[in-house]
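The values are calculated or read from the model by the stated rules, or taken from the named source; none is laboratory data. These numbers were taken from a predicted model, which means no experiment stands behind them. Using ideal geometry, Cβ is built from the backbone for each residue, glycine included, and neighbour counts are taken over all protein chains shown.
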Amino acid sequence: AQSVTQLDSHVSVSEGTPVLLRCNYSSSYSPSLFWYVQHPNKGLQLLLKYTSAATLVKGINGFEAEFKKSETSFHLTKPSAHMSDAAEYFCVVSSTSGTYKYIFGTGTRLKVLA
Amino acid sequence: GAVVSQHPSRVICKSGTSVKIECRSLDFQATTMFWYRQFPKKSLMLMATSNEGSKATYEQGVEKDKFLINHASLTLSTLTVTSAHPEDSSFYICSARGAGPNTIYFGEGSWLTVV
């Protein structure tokens, strides 16, 4: 079975400072991992995905994540936060074999302070 | 890029009535679509997997008679909330599986309010 744990429900950073959103996963299979962002009252937007290629994945809007198998982690980072980054972020795991069902983490709400 | 469209984006219905939400893949064929539900300030929970031409597979705890899913064509899946009650009010979002590994596209979601 697959699962993801987002370690922080809320993260606050000042504009221009680094962002770190933490995610740990559990998977019986070789996992595919994703980060999605959801702005208020909006749908989901894919930030980046890991599918067993390069362990450091670069996404949109300056975000990147590193897959660390030894730590079962897939943390999302950004060097410098922007006000527009304020949103809900979801870490997602999907098995690469089988149904491609997505299992969502509980989400991390990112607040960016001026 | 691939687009998945949901309609309506917002709907208000009276308690006891049924409401249908559509999920369409606009520029690709989707043999598999997924329906999720998001409670306020909560994560997304998979409700069911919709396969074209066959019955949907429901997750444990989801009432299949309450949440009717039909996937009659390769570009359309529908979710019908039957005899809706206020506790069914939620954000429902679909995704569609495209060609290639791990190509999943999400719709914009549909807000359902039952009054």
Can you tell me which of (1) of a type in the set (D, E, K, R); (2) under 30 Å from B:M33 (Cβ atoms); (3) out of contact with any Ser or Thr (no Cβ under 8 Å at 6 or more places or on another chain) is the one A:K78 doesn't meet?
(2)
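To keep it simple, each residue is scored yes or no on (1) among the hydroxyl-bearing types (S, T, Y); (2) modelled with pLDDT under 95; (3) closer than 22 Å to A:V13 by Cβ; (4) surrounded by fewer than 19 Cβ atoms within 10 Å (Cβ to Cβ).
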| site | (1), (2), (3), (4) |
| --- | --- |
| A:F74 | no, no, yes, no |
| A:P79 | no, no, yes, yes |
| A:S94 | yes, yes, no, no |
| A:Y100 | yes, yes, no, yes |
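Examine region A:26-34 for a residue that is of a type in the set (S, T, Y), over 10 Å from the mean Cα position of the chain (by Cα) and within 11 Å of chain B (Cβ to nearest Cβ), and state whether such a residue exists.
Going residue by residue through region A:26-34, those that are of a type in the set (S, T, Y) are A:26-30, A:32.
Those still in the list that are over 10 Å from the mean Cα position of the chain (by Cα) too: A:26-30, A:32.
Those still in the list that are within 11 Å of chain B (Cβ to nearest Cβ) too: A:32.
Checked region A:26-34: at least one residue is of a type in the set (S, T, Y), over 10 Å from the mean Cα position of the chain (by Cα) and within 11 Å of chain B (Cβ to nearest Cβ).
When you scan region B:98-111, how many residues do you find that are in a strand (DSSP E or B) and either crowded, with 21+ Cβ neighbours inside 10 Å or more than 17 Å from the chain's Cα centre (by Cα) (or both)? Walk me through it before giving the result.
Keep residues of region B:98-111 that are in a strand (DSSP E or B), which gives B:104-106, B:110-111.
Cutting the leftovers down to either crowded, with 21+ Cβ neighbours inside 10 Å or more than 17 Å from the chain's Cα centre (by Cα) (or both) gives us B:104-106, B:110.
Of the residues in that region, 4 qualify.
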Exception for B:T31 within (1) away from chain A (no Cβ under 13 Å); (2) modelled with pLDDT under 95; (3) surrounded by fewer than 17 Cβ atoms within 10 Å (Cβ to Cβ); (4) touching a Leu at 6+ places or on another chain (Cβ under 9 Å) falls at (1)
For B:S9, state whether it is within 23 Å of A:Q2 (Cβ to Cβ), among the polar types (S, T, N, Q) and either in contact with a Lys or Arg (Cβ under 8 Å, 6 or more places away or on another chain) or within 12 Å of another protein chain (Cβ to nearest Cβ) (or both).
no
Scanning region A:12-25 residue by residue, the ones that are surrounded by fewer than 18 Cβ atoms within 10 Å (Cβ to Cβ) and within 15 Å of A:H82 (Cα to Cα) total 7
When every residue in region A:26-35 that is in contact (Cβ under 8 Å) with a residue 60 or more places away in the chain and of a type outside the set (S, T, N, Q) is compared, the one surrounded by the most Cβ atoms within 10 Å (Cβ to Cβ) is A:F34
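Quick check, is A:K49 surrounded by fewer than 21 Cβ atoms within 10 Å (Cβ to Cβ), more than 10 Å from chain B (Cβ to nearest Cβ) and either part of a strand (DSSP E or B) or touching a His at 6+ places or on another chain (Cβ under 8 Å) (or both)? Break it down stepwise before answering.
Working: surrounded by fewer than 21 Cβ atoms within 10 Å (Cβ to Cβ): yes; more than 10 Å from chain B (Cβ to nearest Cβ): no; either part of a strand (DSSP E or B) or touching a His at 6+ places or on another chain (Cβ under 8 Å) (or both): yes.
No.
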